[in-house]
Each structure stands twice: as structure tokens, then as C-alpha cells.
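Worksheet for the structure shown next.
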Amino acid sequence: MPKTAHTKTGSVMTDLVLETFRLNGRLLASGDKLVEPLGLSSARWQVLGAIHFAETPQPVAWLARSMGLSRQGVQRIANELEKEGLVSFEPNPHHRRASLVVLTDKGQAIYDAADQRQIEWVNAFSQDIALAELQCALKVLSGMRAKLE
């Protein structure tokens, strides 16, 4: 059976995917460092962000789906955040067992502090990259995600 070779586009796409994996690792490490003084990790910050940006309170499964993560992983983090008083589980009128996850005042304050740190970091990080290049990268990555979804 003959070996299939990458097309030129397929080869560049492979390189882009591998670079995205490497970038993801660096972004997570940078995020961990950025929010560590607040008692957060990138994963915990991501869950707080998903709760913050949800239009209405959502159960863990919906939060996980919106982040592209496993329900079990998000549930573990939500449980940790609840023990620390950053989120609470509220009754869900549509489902008895799937509680809604809600930021507490303490959780909102921690999220706001992390957001402020992110704004300062990202403004400095992006200052030497042309806006048009960032917009192009965003369009390509968003298109790739949409195609996979």
C-alpha cells in the first residue's frame, strides 16, 4: 500500500497544529504564573471565566461543553472552588441533579483581580504584534475550531 504524503497545505496545517500545542503549553504556564498570587491556576481561572461569561447560570456539563473540556474535570475544579467559597451550587429548576454553578462575591472579586492582571499582561505582550496579524490569526484559528465542531 503506498504511503500517503501531505499536501503543501496539509504540511503547513500540521506545523500550525503542533505550534498551537506548544503555544498552549506556554500560555498555560504563563497563566499559572500570572494568577498564582491569587490562589488560582490557569484551569481554575478558566472555569471562573466560563461562569463569569455565561449569560445565565449553567450546570457543570454546559460549562465544560462551552470550554471544550471534560465534565469530570470541570466538576472537580468547581468542587474545589466551592470549598474555597468562590462558587456556589444553586438549585436548577430544570434538572434536580444538575445544580447551577454561580460565582460568589468572593469568586467575582478574585476573577476581577485576575482579569485586571490579564489586561496588563496582554497589553504588554501584544504591543509588538501588528493588529492586522492578530486579526488574521484569530480568523484562522476560529475557522479551524468551527470546522472541527
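Quick notes on this one:
- The chain - percent of accessible surface contributed by carbon and sulfur, probe 1.4 Å: 58 percent
- Looking at region 66-124, the trypsin sites (Lys or Arg not before Pro) that sit in a DSSP loop and have at most 10 other Cβ atoms within 10 Å of their own Cβ are R96, R97.
- Region 1-75 versus region 88-124: alpha-carbon centroid distance in Å: 17 Å
- Unsatisfied cross-links (Cα-Cα over 27 Å) in the set K33/K147; K83/K147; K33/K106: K33/K147; K83/K147
- Cα-based helix-to-principal-axis angle, 71-83 vs the chain, degrees rounded to 10: 40 degrees
- The Cα atoms of region 1-69 give a gyration tensor whose axes a ≥ b ≥ c have a/c of 1.5 or more with a/b no greater than b/c, which makes the shape oblate.
- Rg/Rg_ref, region 27-149, where Rg_ref = 2.2 N^0.38 Å and atoms are Cα: 1.17
The values are calculated or read from the model by the stated rules, or taken from the named source; none is laboratory data. This one's a predicted model, so the numbers in the text were calculated from it and none came from an experiment. Cβ sites come from the backbone with ideal geometry, for glycine too, and all protein chains shown count toward neighbours. For the accessible areas, the whole protein counts, side chains as well, though only heavy atoms, and no ligand, DNA or RNA atoms are used. Shrake-Rupley method; radii C 1.70, N 1.55, O 1.52, S 1.80 Å.
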